[in-house]
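One structure is given below, encoded as C-alpha cells.
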Amino acid sequence: MKRSGAIVSALLAFGMAACSAPSVTSPGDEFIAPGAPGVTATWSNAEKVAIGTSYEAYDSEGQYSDASPTAPISKVWFSLTKDRITEVMWGLIHEAQIREIQFVVVGPEGIIEVENSSVGYPEYSLSQNQAPGAPLPGQTLHGERGLFTLTYRVLADPDRDSLVVDLSAILERADLRVFAYVDPALANTGSGDVARVSPSFVSASEGGHHLVAKVRAYEAAEQLEMHHAASVGFVGVSDGLTATDGAVFEAQYRSTGDTPGNVAFWIELPTRVYPEKDGATAKATLAIGFGETEATALQNADESMSAPEGEIARKYARQWRDYLASLSHLPVLAEASEDRGALAYMSAINLKIMEDKTHAGALIASLSNPWGETASADAPQTGYKAVWPRDFFQVASAFVAMGDADTARAAYRYLPTVQVTEDTPANAGVTGWFLQKTHVDGEIEWVAIQQDQTAMPIMLGWKLWQEGVISDEEMAESYRSMLKPAADFLVAGGRPNILWNSEFEASLGYTQQERWEEQEGYSPSTVAAVISGLVTAADLAARFGDPADAARYLEAADTLEVNLENWMLTTTGDLGDGEYFIRVTRNQDPNDKAMLGDNNGRPGLPEDQIVDGGFLELVRYGVRAPQAASIQSSLEELDGAHEDNLRVRYEFGDRLVGWRRYGNDGYGEDGAAGTNYHEIEGGNTPGQRGRVWPFFSGERGHFEIAHLKYLQTRFGDLHPDVAAANARIRTLVESMEAFANEGLSLPEQVWDNVGPNPFGYEFGEGTNSATPLAWTHAEYIKLLRSVADRGVWDHYPIVAERYADSPRNQSED
C-alpha cells in the first residue's frame, strides 16, 4: 500500500507495516521466530576487498583519549568482500559484533541474484602529483538480466560508535523490493544472540554487547511504496534469506524469544515507485549503533542518523586525507612504484586501519579470520586480529619508512604489553621473551617461543633510536626495562613454564618455532634476526648499559655467524647440486637427513628436501653479503624446478613471479579435495597445500636491491648485469602490485593453479586465507622505500660492518 502525509522521519516505523501484519508492541507466540538456535555459526569470507575505520589522532601522550584532536574516538571497524559487508568490529579491534550485511533485491519470483559486482573506493583517485582523493569504501552490485543496480558506501562514523551505510538503487521493475539482511555476531560469537523488532528500530544483544539498526529515507512519504518493514529470525530456519523461497518473505517475527542462538534480521528499505513506468528507485541510510546498553546503542544510531546528508562521509574522508598528507615519504614512495602510487597510498591506509584504538600502537596481522566461512563462531576467536611481534615488527618499521613516526613510536611503547615478565599471568619460567600471539590488550593466546619475535623488538628499538623517533632518555629506560631482558634471554635461553609450554629448553639460536610457527631447531631466518638483535643490543648496551653485556651479546652473535653454514647449509642435499641453506634443522648437522615434523597435515620429509627464502633475511639485515657463496648457491635451489610439492617459485604470465613459504607447505586449500584449509571434520588433511605469498616478491626485491649495489660497485652502472638487476626489481614491484585486488588490498596467499579449484579463483588472485595482510602491505611499503633510497630499508649497517670481512661473506669468484 502507499502512504500519504509528511516526509518520512529518521525513524522508519517498522511496526507500521502492511495491513496483513498487525503492529504489536509485545509479541505473542505467533510473532516469535521458530527454529532456535539456528544453524551452526561461522565467520565470513576472509578475502576482503576493502576494510575501513575512521582515522583518529593521538593525544599529546601518544594515546587515544578524550584529549585527542579527533575525539570522541570511534571504535568501529568493518570489511567488505566481493558482494557484501563482512565482519564489523566494535570495542577492541578483534571483537566482532556483526558477521555480515547483505543488500538483497527480491521480486515475486524470489531473490534476484547478483550477476557481477565491483568493490573498492569509487571516490579514491590520484592526481598528477599523487595527491589522494577521498578513500571512501563502496560497492556496486548489478542484478541478473540487468534488473537492478545497487550502490552503497560504508563508513564508520568518526564521532561515535556507529556503522553508516548510504545506499541507492535503480530497480527496473516496480515489483522489486530492497532488503538489508544483518547477521549479528555479538560478543565475538555467532551463536549467543537474541533479537527483537521495536516500533522504530531493530536490536540484538548478547550480555553487555548491544546493537541497534535504524533506517532513514530521503524521499517524500507519498512517493514511497511501504511494505513489511522488519523481521527477525534464526539463521538457516526463519531468517529472511532462508524463508525467501520463490516469493517475498512476508512473515514478521518480532522477537527471537528467550533462547539465544544464531540470529539475523531483515529490514526493508523504502522504494520510490514511478507510476508512469515499470520501475522504482531506493535511497536510504542504514545506521547501526553499538553500546554496552541498548539505550547507548540507540543513541549512537540516532545521532548518526540525524547528521545532515553527506556530513559523515565528508568528515571521514577529510580526516584520512589529512593523515595521508602528513606522511612525508609517501610521495617519494609513489614515484618509486609502477602504478603511480595507488597501492602505496592504500597500503598506508590499510596499515593504519589495523591498529586498535584502546591500546595505541597495538598492530594486528589482518582484519580477518582465515577461511572464515568454515571456521566455527560458536566460541570467541581472534583469527588474525591479534598481535604477533614478528608481523608487528614488519608493520612498525613500515610506518617509519612512509614517514609516520608517531605510530611507530606508539607501537614501540606498546611492546612491554606482550613481553614475558615475572608478573605475566601463569608464568613460572624464564622471562624476557615476547609472547607468540596475544589479544591487543595483552591477553595470552599462544605461548610457543619464537626467537625472532624476541630479537625483532630489539632491532626495532635500535632502528627507531637511530631515526630519532625514540630519544636517548627514553631509550636508556627502554633498554634497561625491555631490551636488555630480551637480549639476556636470547643468549642464556632457558625453560618456559607457562600454560602448556614447560618442556622445551631454549638455547642460543635454537628456537621452539621458526617464523612459520611449525618446526623447532636452527632456521636461517630466525638466526638472522637473533644475530642482528644481539649486535644492536650490544650497541645499546655500550651506550646505555654495561660494556660487559655488550661483549657478551657480541660473543653470542659471533658464535652464530661463524656456524651459520656449519649448522644450516647442507652440502649433500637431495636437490640440485646439493649445496644450499635448508629451511630448518633439528640439530647442528644439516647433512644427516633428519626428518622434520608433520606440518598442517602434510607428513614430514627429510630436512634437506625443504628449502625456503628465509636465508635472504641474512642479506637483508647485513649478516651475509648478497654475493656470498652460500647465498648464491641457495638461490639456485630456491628457484629450482623441483617436483610440484617441493617447488617454491612460480611464474604468473610472462613477467610476474611469486614464491611459496617452503616446499611441502600445507597451510592452504586442500590440493586433492579443493576444500578450505582445515575444513574437513577432524582437522588437517595430507592434501592441504600452501599457496604463493605475495610478500616474498618483496623479500626477493630487497635481496635484488642489495645485490644491485654490489654489481654497481664491481662493474659500474652501464654493465648488462646492472641493467638486468634493475629490470628484476621493477618486475618484483609490479608483481606485488598485480597481486592486489580491485580494492587495492594485498592478500596473504594467491592461487597458484595447482589442484581443484571449486571456488573459481583466478590465477594470481587472493584466496580465502587472509586479505589484507598487514605484513604484505608493510613489505610493499618498505620495498618502495628501498627502491627510492637505492638501499635496503631494513638493512642494519652495524651488523654489516661487523661481518664485512668474514670469510663466509666472500663470493666463489
TODO: Work through the residues other than F703 whose Cβ is under 12 Å from its Cβ and net out their charges, Lys, Arg +1 and Asp, Glu -1.
DONE: 0
- [ ] With runs of 4+ DSSP H residues as the only contributors, calculate the mean residue ellipticity of the chain at 222 nm using -39,500 (n - 2.57) per run, divided by the residue total and rounded to the nearest 500.
- [x] -9000 deg cm²/dmol
Open item on the list: What whole-number distance in Å separates the alpha-carbon centres of segment 296-319 and segment 466-509?
Closed with: 45 Å
TODO: Enter the angle in degrees (range 0 to 90, nearest 10) between the Cα long axis of helix 547-568 and the first principal axis of the Cα atoms of the chain, meaning the one along which they spread out most.
DONE: 90 degrees
Open item on the list: Ordering L744, L150 by accessible area with a probe of 1.4 Å, largest first, what comes out?
Closed with: L744, L150
Open item on the list: Ranking request for peptides 325-336, 685-696, 34-45: highest mean number of other beta-carbon atoms within 10 Å first, then the rest in descending order.
Closed with: 685-696, 34-45, 325-336
TODO: On a C-alpha basis, how far is the centre of segment 560-634 from the centre of segment 711-760 in Å? Whole number, if you could?
DONE: 24 Å
Task: Nearest-10 value in Å² for the accessible area of E762, using the 1.4 Å probe - done: 120 Å²
- [ ] Just add up the charged neighbours of S231: K/R +1, D/E -1, any other residue whose Cβ is under 10 Å from the Cβ of S231.
- [x] -2
Open item on the list: Using the basic label-point model (7 angstrom from Cα toward the beta carbon), what is the A727 to D577 distance in nanometres?
Closed with: 2.4 nm
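Does the chain come out rounded, prolate or oblate by the C-alpha gyration tensor, with a ≥ b ≥ c the root eigenvalues, rounded set by a/c under 1.5 and, if not, prolate when a/b is larger than b/c and oblate if not?
In terms of gyration-tensor shape, prolate.
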Task: C-alpha center-to-center spacing [segment 257-289, segment 387-416] in angstrom - done: 42 Å
Open item on the list: If I stretch the segment between K593 and E292 completely, what's the gain in nm (0.36 nm per residue apart, minus their alpha carbon distance), one decimal?
Closed with: 102.6 nm
Task: Degrees between helix 774-789 axis and first principal axis of the chain (Cα, 0 to 90, nearest 10) - done: 60 degrees
Task: Dipole axis of the chain (+1 Lys, Arg; -1 Asp, Glu on Cβ), positive-most option in G110, Y218, V235 - done: Y218
TODO: Return the carbon/sulfur percentage of the accessible area of the chain, one whole number, probe 1.4 Å, all protein chains in place.
DONE: 49 percent
Task: D472-T140 FRET efficiency (beta carbon distance; Förster radius 51 Å; 0.05 resolution) - done: 0.45
Open item on the list: At 1.4 Å probe radius, can you tell me the per residue accessible area of the chain in Å²?
Closed with: 33 Å²
TODO: Compute the length gained on full extension between A672 and K277: take 0.36 nm times their separation in residues and subtract their Cα-Cα distance, giving the result in nm to one decimal.
DONE: 136.9 nm
- [ ] Decide, for segment 293-405, between rounded, prolate and oblate: order the square roots of the alpha carbon gyration tensor eigenvalues as a ≥ b ≥ c, take rounded if a/c falls under 1.5, and otherwise choose prolate if a/b is larger than b/c, else oblate.
- [x] oblate
Open item on the list: Between I170 and A492, what is the label-point separation in nm under the 7 Å Cα-to-beta-carbon projection?
Closed with: 7.2 nm
TODO: Find out how many positive minus negative residues lie around A724, taking Lys and Arg as positive, Asp and Glu as negative, among other residues whose Cβ is under 13 Å from that of A724.
DONE: -1
Open item on the list: For a protection proxy built on the mean count of beta-carbon atoms within 10 angstrom, sort 711-720, 779-788 highest first, please.
Closed with: 779-788, 711-720
Task: Between 0 and 90°, nearest 10: helix 524-544 axis offset from the chain longest Cα axis - done: 80 degrees
Task: Cα gyration tensor category, rounded, prolate or oblate, for segment 356-395 with a/c compared to 1.5 - done: prolate
Open item on the list: Quick one: 3J(HN,Hα) in Hz for segment 657-665, Karplus 6.51/-1.76/1.60 with θ = phi - 60°, rounded, Gly and Pro as x.
Closed with: 8, x, 9, 7, 5, 5, x, 6, 6
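Ranked highest first by average number of other Cβ atoms within 10 Å, how do 108-118, 413-423 line up?
Descending packing order for the listed peptides: 413-423, 108-118.
The values are calculated or read from the model by the stated rules, or taken from the named source; none is laboratory data. Because the structure is a prediction, the values reported are computed rather than measured. Backbone-built Cβ (ideal geometry, glycine too); neighbour counts: all protein chains shown. We work out accessible area using only protein heavy atoms, side chains counted, and drop any ligands, DNA or RNA first. Shrake-Rupley method; radii C 1.70, N 1.55, O 1.52, S 1.80 Å.
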